[in-house]
Amino acid sequence: MEHESEKTPGDTPFTVPILYTQGLTIGYQTKKGVLELERDLSIKIHNGELVCLIGPNGCGKSTLMRTIAGLQKPLNGDTVISGVDVKKMKPHQYARLLSLVLTDKINVGGMTVLDIVSVGRYPYTNYFAKLEPKDHEIIEDALDNVHLNDYKDRFFHELSDGEKQRVLIAKALAQDTPLVMLDEPTAHLDLPNRVEIMNILKRLAKETNKAIFLSTHELDLALQTADTIWLMNRDAKMEIGTPEDLVLSGMFEQVFKSNSFTFNKHSGSFKVVHAIKGKVSLSGNDVYSIWARRALEREGYEVATDSDWFIKVQYSNDLWELNIHNKTYNCHNIAELLRTLRQEMSLISDST
Amino acid sequence: MVLIGVGSILCLFLLDLSLGSVKISVEELFRIISGNASKKSWEYIFFNFRLPKAITAILTGAGISVAGLQMQTLFKNPLAGPSVLGISHGASLGVAVFVLSSTAIFGVTANFQETLGSWGLILFAIIGSFLVLLGVLLASSKVSDTVTVLIVGLMFGFITGAIVNILQYFSDPELIQNFLVWTFGSLSGVAWSQLKVMGPVLVLTLLFSLFYSKEMNALLLGENYATGVGVNVSRTRLKLILTTSIIAGTVTAFTGPIAFIGVAVPHLARLLFRTSNHKVLIPATMMCGMVIMLVCDIVSQVPGAQTTLPLNSVTALFGAPVILAIIIKSKKMKGAF
């Protein structure tokens with residue numbers, strides 16, 4: 001494969017692609033005509049690479065995923081997986097190259113975890129889906145990978161959302177494909193489960209050399225785990241690069257910029273912008289001051305480290321000292337601090 | 001579980017042979033089979049009425065239940081079934097056209113009944129049920145909501161019912177009488193000559209259904225997942241529609257519309273076998289269907305009395321409460337499926 005060597009976005013530290021597209025144009029037919037979401041995409045996914053597709057709502061993430069997964073036809077262009085054009089592929093061939101974890105809800109009672117994961121072996125089994133010893137081994141391995149060995153005979157509908165998602169990942173692993181595609185695998189999960197899912201996927205990419213392609217709204221997690229980020233934009237062309245390159249080039253900020261929050265290049269996180277009521281001087285640099293700063297910002301104060309402002313906050317001896325116009329109040333916790341601040345400020349505004 | 005199933009089918013089969021307006025003891029049954037009947041009339045009753053009726057019960061029970069299961073998986077709807085979605089009504093329309101046609105629309109010359117016989121009856125019923133099923137399926141691709149699809153089926157039922165009424169209005173009283181008796185549903189109307197047609201058709205389609213477990217399991221996870229594991233969803237759908245219409249059409253043609261068995265039995269099977277895996281569920285549903293149908297037939301014969309009850313009412317009395325229970329539990333409707 002020829003490989004353009006650009007300095008910033010577009011470049012990834014991988015060489016041999018398992019999937020690439022040529023002039024892929026995605027979108028769909030509407031009553032009013034053709035709606036093009038992305039035009040002339042040339043994208044690649046490599047073995048062992050964890051690709052995160054991110055972008056604001058409505059930019060066409062799902063359409064891109066559905067198109068690559070073969071659930072929707074492209075408007076134009078080709079997708080090539082493992083050297084074969086998907087247009088020329090039979091369904092069962094496709095199923096041996098690409099496995100899916102979707103957001104479709106599975107409303108089914110009476111299916112055990114084993115039943116569901118066995119479905120992953122369908123591209124390989126006979127008419128009765130008979131599992132050979134080798135199939136059992138692969139299913140066993142798949143369940144190992146998502147830490148669900150003891151769950152084989154549990155009913156799927158009785159599991160938690162996080163466990164269900166892991167079962168579906170195990171199903172995709174049982175399908176034993178070089179490429180695994182997951183549509184928002186961390187949606188509806190709590191933080192520990194989100195992190196666990198991402199860790200599992202990251203580990204799988206490294207250990208099994210599978211290419212893993214997922215879409216997500218978790219910018220934070222994507223920045224921390226992805227090898228490559230595909231940054232979709234509603235208006236401009238999709239940007240591709242390592243998370244770091246995309247942050248440094250300002251692309252990340254540009255796509256998600258908004259009036260209500262800012263992206264902090266240093267911490268790599270987004271910060272909500274609050275309306276500003278006034279300024280507060282805050283001294284100290286320990287963990288107590290950090291959380292006091294967050295509380296004050298949330299309350300609508302800009303926090304300054306110089307001591308020029310008439311509201312001052314300082315943490316010492318297990319107490320927050322609030323100083324307004326040289327009157328000092330000792331507060332035991334943040335709630336008390338904010339309550340006192342509100343009371344005093346409303347008195348001041350009443351008297352003026 | 002399988003042993004219990006087979007055992008109860010055998011017991012009920014014998015019971016169904018033995019009970020009726022004339023009681024034939026089980027020992028007598030064996031004597032008749034070995035050719036040493038105590039009474040010639042018993043032998044006649046046994047071979048010409050009881051045996052075809054019991055065989056019909058087994059075939060229709062298994063058939064209509066599997067058709068229900070296929071529709072529940074196809075529509076991903078726990079309340080789907082031949083009688084609920086208007087499929088039986090479609091078959092009725094076919095039968096009505098077939099039975100009533102001589103005077104109603106085509107004039108006396110087009111008396112299908114005489115020219116086509118049992119095969120014609122089956123064909124008309126299958127075409128009727130296929131058309132309605134296709135209609136419901138098309139409508140359900142526009143609306144995915146479970147209950148809406150049922151209402152669509154109901155409407156199709158009304159439409160076909162209306163056409164049947166119009167046909168009746170213009171028909172010979174005698175033919176109407178025939179048709180009305182048919183709508184009550186009965187297994188005893190099936191004689192050997194008809195069983196010769198119905199038996200092979202049902203046995204074949206039931207055997208085919210056993211091969212669908214893999215695709216049906218994949219469909220349980222949704223069309224996208226099914227496509228993702230290499231299942232050709234539209235072909236599977238077509239296979240299921242065809243099989244369902246053939247089974248529902250054939251059964252309805254000969255026994256009349258049998259209400260609610262198709263909806264209720266698959267749930268019974270899921271409950272008893274605690275699984276939705278079609279590899280188990282398809283044979284389990286067949287087994288439960290045979291058992292329930294034999295029971296319904298025995299009940300409809302009102303053992304010891306000279307009268308019989310319409311089969312359709314007996315199955316409804318059994319099936320409707322099951323459906324009510326499912327609807328009342330509808331919070332868990334998804335889990336029940």
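The values are calculated or read from the model by the stated rules, or taken from the named source; none is laboratory data. Everything numeric here is computed off the predicted structure, so don't read it as measured data. Cβ: placed from backbone, ideal geometry, glycine included. Neighbour counts: every protein chain shown. We work out accessible area using only protein heavy atoms, side chains counted, and drop any ligands, DNA or RNA first. Shrake-Rupley method; radii C 1.70, N 1.55, O 1.52, S 1.80 Å.
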ask   = Roughly how crowded by other chains is peptide A:79-91, in terms of the mean Cβ count from those chains within 10 Å of each of its Cβ atoms?
value = 1
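How much FRET efficiency would the formula 1/(1 + (r/R0)^6) give for B:Ser234 and B:Ala305, where r is the Cβ-Cβ distance and R0 is 56 Å, rounded to 0.05?
0.60
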message = Could you tell me the calculated FRET efficiency between A:Leu248 and A:Ser283, based on Cβ-Cβ distance and R0 = 35 angstrom, to the nearest 0.05?
response = 0.60
ask   = To the nearest 10 Å², what's B:Val147's accessible area with a 1.4 Å probe?
value = 80
message = Could you put B:Thr315, A:Thr30 in order of accessible surface area, largest first, with the 1.4 Å probe and the full protein assembly present?
response = A:Thr30, B:Thr315
query = Which pairs, out of A:Lys44/A:Lys73; B:Lys214/B:Lys239; A:Lys171/A:Lys206; A:Lys237/A:Lys257; A:Lys44/B:Lys214, put more than 22 Å between their alpha-carbon atoms?
reply = A:Lys44/B:Lys214
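If you rank A:Asp40, A:Asp235 by how much accessible surface each has, with a 1.4 Å probe, what is the order from largest down?
Result, largest first: A:Asp235, A:Asp40.
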task = Compute the length gained on full extension between A:Val16 and A:Ile290: take 0.36 nm times their separation in residues and subtract their Cα-Cα distance, giving the result in nm to one decimal.
result = 94.1 nm
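For the ranges B:29-40, B:294-305, what's the packing order if you count other beta-carbon atoms within 10 Å of each residue, average per peptide, and put the highest first?
For the peptides B:29-40, B:294-305, the packing ranking is B:294-305, B:29-40.
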Inter-chain Cβ neighbour average for residues A:199-210, partner chain, 10 Å = 0
request  = Find how many whole Å separate the alpha carbon centroid of region B:143-216 from the alpha carbon centroid of region B:238-295.
outcome  = 14
remark   = Restricting to aspartates and glutamates and to Cα separations under 14 Å from B:Lys23, and discarding same-chain partners fewer than 8 apart, the set is B:Glu43
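DSSP loop chymotrypsin sites (Phe, Trp or Tyr not before Pro) in region A:123-171 with at most 16 other Cβ atoms within 10 Å of their Cβ, which ones?
Values: sites: A:Tyr124, A:Tyr127, A:Phe128, A:Tyr151, A:Phe155, A:Phe156; in loops: A:Tyr124, A:Tyr127, A:Phe128.
Answer by residue number: A:Tyr127, A:Phe128.
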ask   = Taking Cα centroids, how far is region A:44-88 from region B:34-59 in Å?
value = 65
request  = May I ask you to rank B:Leu12, A:Leu179, B:Leu268 by accessible area, largest first, using a 1.4 Å probe over the protein chains only?
outcome  = B:Leu268, B:Leu12, A:Leu179
ask   = Using a 1.4 Å probe, how large is the accessible area of B:Val164, given in Å² and rounded to the nearest 10?
value = 10
ask   = Just counting partner chain Cβ atoms within 10 Å, what average do the residues of peptide A:101-109 show around their Cβ?
value = 6
query = Of all DSSP beta bridges located in chain A, what percent are antiparallel, nearest 5?
reply = 60
A:His157 accessible area, assembled protein chains, probe 1.4 Å, Å² = 80
ask   = Given H placed 1.01 Å from N in the peptide plane, which residues other than close sequence neighbours of A:Tyr28 have an amide H under 5 Å from its amide H?
value = A:Leu35, A:Leu37
inquiry  = Sorting check: for A:184-191, B:218-225, A:240-247, B:61-68, which peptide has the highest mean count of neighbouring beta carbons within 10 Å, and how do the rest follow?
reply    = B:61-68, B:218-225, A:240-247, A:184-191
inquiry  = I want to check the label-to-label distance for A:Leu347 and A:Lys32. Put each point 7 Å from Cα in the C-beta direction and report it in nm to one decimal.
reply    = 5.8
